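Okay, so here's the structure we're looking at.
Any read-out appearing in this document is the output of simple, stated calculations on the displayed coordinates, not a laboratory observation. Here the structure is a predicted model, which is why all the values come from computation and not from measurement.
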Amino acid sequence: MARILALDYGVKRTGIAVTDEMQIIASGLATVATKELLIYLEGYFKSENVELVLIGEPRQMDNTASESEVYIQEFLKKFSEKFPQMQMKRVDERFTSKMAFQSMIDSGMSKKKRKDKALVDEISATIILQSYLYK
């Protein structure tokens, strides 16, 4: 089997999570500056066997697209041009940032670490991946 990668796409930073090769465990991988994301993914895809990329789909409470969807659509176009063979799926990402922050509190993480937005993005990507794996 191959890994599944999840992206919590943001205008400035993108959180990344990945499964093990058996697709059982979801773990945070990194947070990357979004402008460097395609380069990062290219290197990762060369070194690891990835069969699917999940991309968070931000939605409003009334189920309409979030304002950040415009930027995600631009990224999706670039991604599919650069990696035409890679399978992509969108996953509802509502509340993942709140859930990530709460998991940081629950784990006893210090206030200083909880202010690290890059860590929140990585944990959010992990939650997106877990929601896909365990549905």
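Here are the numbers for this structure:
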| quantity | calculated |
| --- | --- |
| Residues of type aspartates and glutamates that Lys35 reaches as a straight line, Cα spacing below 15 Å, ignoring anything fewer than 8 places off in the same chain | Asp8, Glu74 |
| Over the chain: helical MRE at 222 nm, DSSP H runs n ≥ 4 each giving -39500 (n - 2.57), nearest 500 | -13000 deg cm²/dmol |
| Percent of beta bridges antiparallel (DSSP, the range 3-133, rounded to nearest 5) | 50 |
| Vicinal HN-Hα couplings computed from phi for the range 22-34 (Karplus, 6.51 cos²θ - 1.76 cosθ + 1.60; Hz; Gly/Pro x) | 7, 6, 10, 10, 9, 9, x, 10, 5, 10, 10, 4, 4 |
| Cα-based Kirkwood hydrodynamic radius, the range 13-135, one decimal, Å | 15.2 |
| Relative contact order (%) - criterion: Cα under 8 Å, at least six apart; region: the range 3-133 | 36 |
| Kyte-Doolittle mean at least 0.5, axial Cα span of 18 Å or more - DSSP H helices of the chain | 117-133 |
| Sequence-distant residues sharing a close amide H with Leu29 (under 5 Å, placed H) | Ile16, Ala17, Val18 |
